[in-house]
1. Within the group Phe173, Phe191, which residue is at pLDDT 95 or above, away from the ligand (no atom under 16 Å from the Cβ) and crowded, with 22+ Cβ neighbours inside 10 Å?
2. Scan segment 1-14 residue by residue and report those that are near the ligand (Cβ under 9 Å from one of its atoms) and over 20 Å from Tyr62 (Cβ atoms).
3. Looking at segment 15-35, which of its residues are within 11 Å of the ligand (Cβ to nearest atom), buried (at least 17 other Cβ atoms within 10 Å of the Cβ) and of a type outside the set (Phe, Trp, Tyr)?
4. So which strands (runs of 3 or more DSSP E) are wholly in segment 243-357 and hold at least 3 residues that are surrounded by fewer than 16 Cβ atoms within 10 Å (Cβ to Cβ)?
5. Listed residues Lys38, Lys77, Lys59; which is at pLDDT 95 or above, under 19 Å from Ser271 (Cα atoms) and in contact with a helix residue (DSSP H, G or I) (Cβ under 9 Å, 6 or more places away or on another chain)?
6. When you go through (1) within 14 Å of the ligand (Cβ to nearest atom); (2) buried (at least 19 other Cβ atoms within 10 Å of the Cβ) one by one for Glu94, which number turns out not to apply?
7. If Ala99 meets every condition in (1) over 24 Å from Leu253 (Cβ atoms); (2) in contact (Cβ under 8 Å) with a residue 12 or more places away in the chain apart from one, which number is that one?
8. Going by what's in this entry, would Arg201 be described as touching a Ser or Thr at 6+ places or on another chain (Cβ under 8 Å) and assigned by TED's automatic domain parsing to the domain that holds Glu98?
Amino acid sequence: MKEIALYIHVPFCIQKCRYCDFVSYPNRQSDSIADYFKVLIQELQIRTKYDSLQDIVLKSIYFGGGTPSLVSPEILKDFLLHLRQNFQFSKFIEITIEANPGTLNPEKIRDFAYVGINRLSLGIQSFQNRFLSFLGRSYQEKDVHNLLIHLMNSGSFLNWNFDLMYGLPFQTFSDWKKEIEYVLLYQPSHFSLYNLTLSQRVPLGSFLKSHLASFPGQDWEASIYRWTQQVLGKYGYKRYEISNFAQPGYECLHNLTYWRNQEYLGLGVSSCSYLRGIRMRNTSSLSHYQKKIKNGQSPVIMKDILNVKQKLAEEMILALRTSEGVETEKLFKTYPEPFVQEKLILLENFVQSHLVYKRAGRWILTSRGTLIANQLFLEIFD
Ligand code: SF4
């Protein structure tokens, strides 16, 4: 039996946020969502055949989006039942749903827990109305507080996350302090922080061009990142990945699969998979995806068979994102010695520049290294 993680992309949202570059469609009727889940089940059958998915144990299931909390608990219940009929579930399976504050109410939270979802990930982004409206989010500060108070009182979820965003225009240190005060007030078991990155394709992309000076900039971001890490550390949160903090025992199993370079299957429009050393991506067009599945064809439009050097670089980059770091012994066991030696020389250079440190046979990013991680990853990828 082989353990893998399963990701399901749910590409529906109430409205399109102004910074969003994900595959998501606003204002869809509930019929479209029900139809989409029927197509997902067909994809599962097709992929089982094409990707030889026999003898599989699922260790995690992650409904990501889009806004999966728009899906009714009944649809999720049927879908999970179908998965159970086709795969074995690990005893400690983690089942996450991403949710937005505007789409949840006390009944839905209770019902999500009732159908077997055991982890809730809330895309809050900010507790302040001026940032929520700038980002084009569909809810207000008061909705967030009402939701969190209910969540804490109901006890439906012990394992829950929320995301906050930094690096927003005109955001000051005192604005960010306020956001972190709410993390400490509500104490989620897991917390993720992301900086706002804008592509030219999204409505806020042009805003960035003409208002560059209003964005706080990299030095500010670096200092609030360091400050946040220190404060959260005092309250028992450990940073176990560049953007992710958890109370002990609440690290996200599903995301650890990605960072440990382990196998996963992605279902749905635009989802990615990594199976038997092959990276795959489904079509990003909903109509193309539905057409392919209805014709009994695989929706995978890109397959990338990694060579040994690429695999090694990817494994190192993913591991460096985490506080576990890169394990020297594992690299030598898995990859040809000359390739590993070459990369270790590079890591040694990073150590000299105080960007990486060594501990018990592992190479781990320092705080300074974390702040310029993407540059280091480019060098590793060569
Ligand atoms: S809720 Fe998420 S996926 Fe949907 S539009 Fe906003 S950022 Fe994009």
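The values are calculated or read from the model by the stated rules, or taken from the named source; none is laboratory data. Treat the numbers as computed from the prediction; the structure is a model and nothing was measured. With ideal geometry, Cβ positions are generated from the backbone for all residues, glycine too; neighbour counts draw on all protein chains shown.
1. Working: Phe173 fails: crowded, with 22+ Cβ neighbours inside 10 Å.
Checking each option against the conditions leaves just Phe191.
2. Passing the criteria: only Ile14.
3. Matches in segment 15-35: Cys17, Cys20, Val23, Ser24.
4. Values: elements: 244-246, 264-267, 272-275, 278-282, 300-305.
So the answer is 300-305.
5. Lys59
6. (1)
7. Here Ala99 clears every test but (1).
8. Details: touching a Ser or Thr at 6+ places or on another chain (Cβ under 8 Å): no; assigned by TED's automatic domain parsing to the domain that holds Glu98: yes.
For Arg201, the condition - touching a Ser or Thr at 6+ places or on another chain (Cβ under 8 Å) and assigned by TED's automatic domain parsing to the domain that holds Glu98 - is not met.
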